[in-house]
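Written out below as structure tokens is the structure these notes cover.
The values are calculated or read from the model by the stated rules, or taken from the named source; none is laboratory data. Since the structure is predicted, the reported quantities are computational estimates derived from the model, not experimental observations. Methodologically, a virtual Cβ is constructed for each residue, glycine included, from the backbone with ideal geometry; neighbour enumeration extends over all protein chains shown. Accessible surface areas use protein heavy atoms only, side chains included; no ligands, DNA or RNA. Shrake-Rupley method; radii C 1.70, N 1.55, O 1.52, S 1.80 Å.
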Amino acid sequence: MTEELTPPNIPVEFRPRHIALVMDGNGRWAEQRGLKRTEGHKRGEAVLLDMVAACQALDIPYLSAYAFSTENWRRSADEVRFLMGFNRDVLTRQKMWLHERGVKVRWVGRRPRLWRSVLRELESAEELTKNNTSMTLFMCVNYGGRAEIIDGVREIVRKAQRGEIRPDDITEKNFHTFLDEPTMPDVDLFLRPSGEKRTSNFLLWQSAYAEMVYQNKLFPDYTPQDLFDAVEEYAKRDRRFGGTK
Ligand code: FPP
């Protein structure tokens with residue numbers, strides 16, 4: 001784990017407030033070395049902690065980590081079983097480290113299918129860290145952007161059927177209150193290492209105006225310096241949100 005970090009000197013208004021991180025490339029990293037894919041995931045654990053530390057070094061208050069998608073159930077039964085257990089064990093092992101650093105952990109995702117033991121660990125980490133204020137780590141487990149939007153729409157329809165809401169009450173400003181984590185701010189910087197250039201269904205609603213930075217490094221090799229480089233790249237971007245300067 002990286003202890004001494006020297007973040008770039010970027011004025012606060014040019015730093016992202018919310019980074020979405022796709023922890024991608026673990027399987028490929030392992031395969032390139034003739035190892036089991038699970039060995040790559042194991043390497044990812046320390047890298048995730050490094051990313052939390054890197055965000056703290058830059059005073060970035062929100063980090064969302066894509067740890068298991070609603071589509072990842074399509075992987076082999078063995079890998080799915082490993083990933084469920086791994087997500088649970090990472091939390092068991094690291095929740096105290098996160099707590100000691102003042103990190104608030106929040107789970108974002110869908111309940112059905114998620115292993116009960118994983119849910120229990122997520123809830124335990126949430127409870128332990130609920131009063132922390134240094135930064136928020138959204139652990140996205142059994143998360144899918146489309147699933148989240150559909151679940152929100154279903155909730156709205158149920159409310160409408162009960163006569164509690166009218167169609168015109170729903171706006172772009174308040175729709176987020178029907179999403180998995182209503183307190184989550186929009187994503188500023190969407191980071192995907194591994195060379196792939198796609199969102200893979202991560203934080204679709206929240207990333208409408210995110211700056212995308214794709215880096216050519218597999219997640220187990222990803223370092224705080226790579227995150228700093230991405231933030232420097234972000235700082236140079238001209239964010240117009242559809243308007244002009
Ligand atoms: C999306 O790509 C990537 C993810 C959902 C990340 C999965 C991450 C892990 C399994 C590792 C978790 C690590 C820790 C430390 C908890 P995809 O491969 O699902 O999508 P694609 O098929 O479009 O590339």
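Of note:
- Whole-Å semi-axes of the stretch 10-56's equivalent ellipsoid (Cα gyration tensor): 29, 10, 7
- Among ARG75, ARG110, ARG146, residue whose mean-square fluctuation peaks in a GNM of the chain (springs only between Cα atoms under 10 Å): ARG75
- Globularity index of the stretch 174-245 is 1.24 (Cα radius of gyration / 2.2 N^0.38 Å, N = number of residues).
- Solvent-accessible surface (1.4 angstrom probe) belonging to HIS18, in square angstrom, nearest 10: 0
- Looking at the stretch 32-109, the pairs of alpha carbons with a distance over 22 Å make up 30% of the total.
- Solvent-accessible area per residue for the chain (1.4 angstrom probe, square angstrom): 52
- One decimal place: the segment ARG198-ARG111 gains 28.8 nm when fully extended, by the rule 0.36 nm per residue minus the C-alpha distance.
- Heavy atoms of ASP78 accessible to a 1.4 Å probe, total area in Å² rounded to 10: 110
- For the chain, the equivalent ellipsoid derived from the alpha-carbon gyration tensor has semi-axes of 27, 24, 18 Å in decreasing order.
- Per-residue accessible area (protein heavy atoms, 1.4 Å probe) orders MET96, MET23 as MET96, MET23, starting from the largest.
- The value obtained for the stretch 162-204, namely the Cα convex hull volume divided by the number of residues, is 113 Å³ per residue.
- 16 Å cut-off, amide nitrogen to a point 7 angstrom out along GLU172 Cα→Cβ, residues in the stretch 195-232: 204-211
- Most mobile of GLY85, GLY109, GLY163 in a GNM of the chain (Cα contacts under 10 Å): GLY163
- Rg and Dmax of the stretch 1-131, both derived from C-alpha coordinates alone, stand at 15.7, 47 Å.
- Taking every DSSP helix (H) stretch of at least 4 residues in the chain, weighting each as -39,500 (n - 2.57) and dividing the sum by the residue count yields a mean residue ellipticity at 222 nm of -13000 deg cm²/dmol.
- Normalised contact order of the stretch 34-145, rounded percent, pairs of Cα under 8 Å and 6 or more residues apart: 38
- Cross-link pairs beyond the 26 Å C-alpha cut-off, checked among LYS173/LYS217; LYS197/LYS236; LYS95/LYS197; LYS95/LYS173; LYS130/LYS197; LYS42/LYS104: LYS173/LYS217; LYS95/LYS197; LYS95/LYS173; LYS130/LYS197
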